[in-house]
Each structure stands twice: as structure tokens, then as C-alpha cells.
Amino acid sequence: MNLTVEMLRQAARNPVETLNLEILMWKFERPSYSKWVGQLERFLLHITSLIGTKRDRLKGLSEDALTSIFDISFQAINISSSAKAVNGNVDLAIEYEDYMWLGEAKIAHSVSVIYGGYLQLTSRYTTGMLGQTSGGMLLYCQDERADVTIAGWKAALSKQVSVSNVQPGPTDLSFRSSDMCAATGATLDILHLAVPLHHEPQEELRKLSPASSMAARKARDEVKARNKAAK
Amino acid sequence: MWTFKELSNLAEVEPSDPIFIASVQLLASRPRAKLLDMHFLYFDPSDEASIGEPIPDEEVAQAYLTGFLIDPQDGREVHHFERTLVPYFMINDGITAQNESDR
């Protein structure tokens, strides 16, 4: 059986396999900037999801170490990615030919810290040039649940930036916003993505209450009594 | 030149094996260590006996721009053309040229 392009697309089981094929096809079908950004974002979400499954091992890592996970993941599928100098030292710069997507990472200790990173991304690093108007905030949520962090940041940004035009994101732990590039006046599209790293296992802290133990005993006794009567 | 099917025969795996597909894609896409170049064979969907013929990269790129491929035999427009294109691979041009200059 000869595999056609259509069959290869259908065989891709996850964002990594999909993107591997897309990269191969870029030579023949140069993606539009918005399509390219969409492909990157799906990969970012996939990596975020994988990070979430290892948060017990990743909690406590530095901002740079955590960002390196994204950086290495992109490099592993042959997408140019690095921390680099773009009007300063941006945490994550992903590039393809003249396209660029910039990411600013923050350990989400407070909305003030996140806002500082947001301003770096939107007012310092972003070029605002054609094909370089999208980026993202990677919020490493170590102190509290990611849904709490993203909700707080979303509310603060809506209040602080009147033109933010906050919209739902691709997952519950994300949202989108817009801003204006100070240098060019271009509209910037920002994905805000919470990376869940809060890990507080409860098994050593919480014990079954006496009332719960009593309820279990009562239920067991009732079933035993029914079984005995049925014999 | 090798299609996925021919490479899978050499590797003794199923052509649909995801690790095999990923491996070939890696060899053909790594910018600074590209071993293989990908091109396409065109299979006429109306001809079950079609053995496939190489189609120039430029025509495939043009098809993605226009939304249809021009059948190389009769010039008709072929829509949904991804079902007619079978990737095949050749040793990267740069490697071939380097080998020839080393001889």
C-alpha cells in the first residue's frame, strides 16, 4: 500500500505527528502566518498537557528551566526555537523563515509579576512587523491551582488594558487578548496559557473522618445482613 | 527513489508504523542535517492501473495555491488532490553533489 498525503494526514494521532507532517509539507504549502501560529499553539497545548502529567517532578524548577522544556520540545521537531535577543532577551522565540512568535514566561506568583512580563512582551520584545504579531504568556502556576491563577490574571488584564478584548482561549486554562504594538501600531494577538504545576498531595495530610468510617461500616453490615438473609 | 512502502519493505515494518513514518519525516525535514528530499508521484484516481509518475515540486506547490492539481496527462483539474499524491524520497541534493565532488 502506497501512502498518499491524505492517508498520512489521517494517520497522525496527536499534535506532534500532525506537526511533523506539516513541517514536511511547508516546502510545498507555505502556511499563512495565522495557520502557522495555530499549529504552534496546538503543539504548545500538547506540551503543556504533558507537563501537567509530570508536575510532581517539575514543581520547583526555575522559570528558565521550565521554559527550556518548551524550547527543547520545539527543537526536537525541527522548529527553530530559542531564548534570544529580540529588542532585549525574550524567553522563547519561535521562528520559521520571516515568521516569529514570541513567548514570555513567568512563574505566576502574583498578577503584578505577570503584568510585568506582559509589558515586556507587548512593549519591549514584540516587533509588530508583518508575520510577527502573535505571541504568548506562559504562566507557570506553582503556588495555586491554574484555574485560579488564570481567572485572576484575566480579570486584572481586562481592567488594566482597555483595548485587551479578552476572549476565551482554546482550553479552560487559557484565554486570548489583543493589544497594540507601540512601535508599529499593529494589533498584537496574545495567547495566555496557564501551565499547571501546583502539586500538593493530600494523602499524608488528610485522614478519613470517624463519621466516614462509621458510614462505611454501616453499609458493609447492611450488605452482609442482606446476603445472609438471602441464603 | 523510495516511497514509504519501499522504505518500509527495506526496514521490514508496516508502512503505517508511526515510528517508521516519524523517522522518515525526521530524515527529510531537519534543516541542518537533511538526508532525504521529499517529492511526489501522481496517481490518476480514475485509472486503477496507474503506476504513478513523478510530478514536479513546483506543480505541487502551485496546486496548494490554487486548490487544484493539473493532471500531467490530460490537463484536467484534480481537486482533493492529496489523495493522488504519494510522497517519495531521494538522497538530498547537497549530499549527492558532495559525494560526486569527492570522487
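Quick note: the coordinates plus some simple rules give every number you see, no bench work behind them. On a predicted model such as this, the values are computed, not experimentally measured, just so you know. Note that each Cβ is placed from the backbone with ideal geometry, even for glycine, and that neighbours are counted across all protein chains shown.
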- Task: In debye, nearest 20, what is the charge dipole magnitude of the protein assembly as shown about its Cα centre with +1 on Lys and Arg Cβ and -1 on Asp and Glu Cβ, if you could check?
- Result: 2620 debye
- Charge dipole (chain A, unit charges on Cβ, about Cα centre) - positive-most of A:102, A:87, A:146: A:146
- First measure r as the distance between the Cβ atoms of residue A:222 and residue A:14, then evaluate 1/(1 + (r/R0)^6) with R0 = 51 Å and state the FRET efficiency to the nearest 0.05. 0.60
- Give the residue from B:27, B:60, B:72 lying farthest towards the positive end of the charge dipole for the range B:27-76; charges sit on Cβ (+1 for Lys and Arg, -1 for Asp and Glu) and the dipole is referred to the Cα centre. B:27
- Query: When the label point is put 7 Å from the Cα of residue B:12 along its Cα-to-beta-carbon vector, which residues of the range A:1-41 have a backbone N closer than 14 Å?
  - Reply: none
- Highest GNM mean-square fluctuation among A:19, A:191, A:208, for chain A with Cα springs under 10 Å, belongs to A:208
- Query: If you average the sequence gap of Cα pairs under 8 Å that are 6 or more apart and divide by the length of chain A, what percent do you get for the contact order?
  - Reply: 16 percent
- Under 5 Å between amide H atoms, partner at least 5 residues away or on a different chain: which partners does residue B:88 have, H built in plane at 1.01 Å? B:39, B:40, B:41
- Query: Which far-off residues, 5 or more places away or on another chain, put their amide H under 5 Å from the one on residue A:107, with H placed in the peptide plane?
  - Reply: A:140
- For a footprinting-style exposure proxy, rank B:90, B:38 by other Cβ within 10 Å, fewest first. B:90, B:38
- Note on the structure: Longest chain B segment clear of GluC sites (Glu not before Pro) sitting in DSSP loops (not H, G, I, E or B) with at most 16 other Cβ atoms within 10 Å runs B:49-103
- DSSP-assigned coil residues among GluC sites (Glu not before Pro) in the range A:1-107, each with at most 12 further Cβ atoms within 10 Å: A:97
- Task: Using only atoms on other chains, find how many Cβ atoms lie within 10 Å of each Cβ of peptide B:17-27 and report the average.
- Result: 3
- Message: Which one, B:41, B:84, B:97, projects farthest toward the positive side of the charge dipole computed for chain B from Cβ point charges (K/R +1, D/E -1)?
- Response: B:97
- Task: Count the net charge of all other residues whose Cβ sits under 15 Å from the Cβ of residue A:153, scoring Lys and Arg as +1 and Asp and Glu as -1.
- Result: -1
- Any idea what the dipole of the range A:83-231 comes to, in debye rounded to 20, about its Cα centre with Lys/Arg Cβ at +1 and Asp/Glu Cβ at -1? 1360 debye
- Message: Just to confirm my numbers, what's the Cα centroid distance between the range A:139-170 and the range A:69-129 in Å?
- Response: 18 Å
- Message: So if I place +1 on the C-beta of Lys and Arg and -1 on the C-beta of Asp and Glu, and nothing else carries charge, what would the dipole magnitude of the range B:1-54 be about its Cα centre? I want it in debye, nearest 20.
- Response: 520 debye
- Task: Counting other beta carbons within 10 Å of each Cβ, put A:188, B:27 in order, fewest first.
- Result: B:27, A:188
- Message: Longer than 22 Å from Cα to Cα, which of A:106/A:159; A:27/B:34; A:59/A:106; A:35/A:154; A:35/B:34; A:84/A:106 are they? Say none if no pair is.
- Response: A:35/A:154; A:35/B:34
- Which of these, A:124, A:13, A:42, has the largest mean-square fluctuation under a Gaussian network model of chain A (Cα springs below 10 Å)? A:13
- Note on the structure: Sorted on mean Cβ neighbours within 10 Å (highest first), peptides A:135-147, A:46-58 come out as A:135-147, A:46-58
- Query: Which of A:210, A:168, A:201 moves the most in a Gaussian network model of chain A with Cα springs under 10 Å?
  - Reply: A:210
- Going by C-beta contacts inside 10 Å, put B:21, B:51 in order with the fewest on the left. B:51, B:21
- Query: Got a sec to turn the phi values of the range B:88-94 into Karplus ³J(HN,Hα) couplings, 6.51 cos²θ - 1.76 cosθ + 1.60 with θ = phi - 60°, whole Hz, x for Gly and Pro?
  - Reply: 9, 10, 10, 4, 3, 3, x
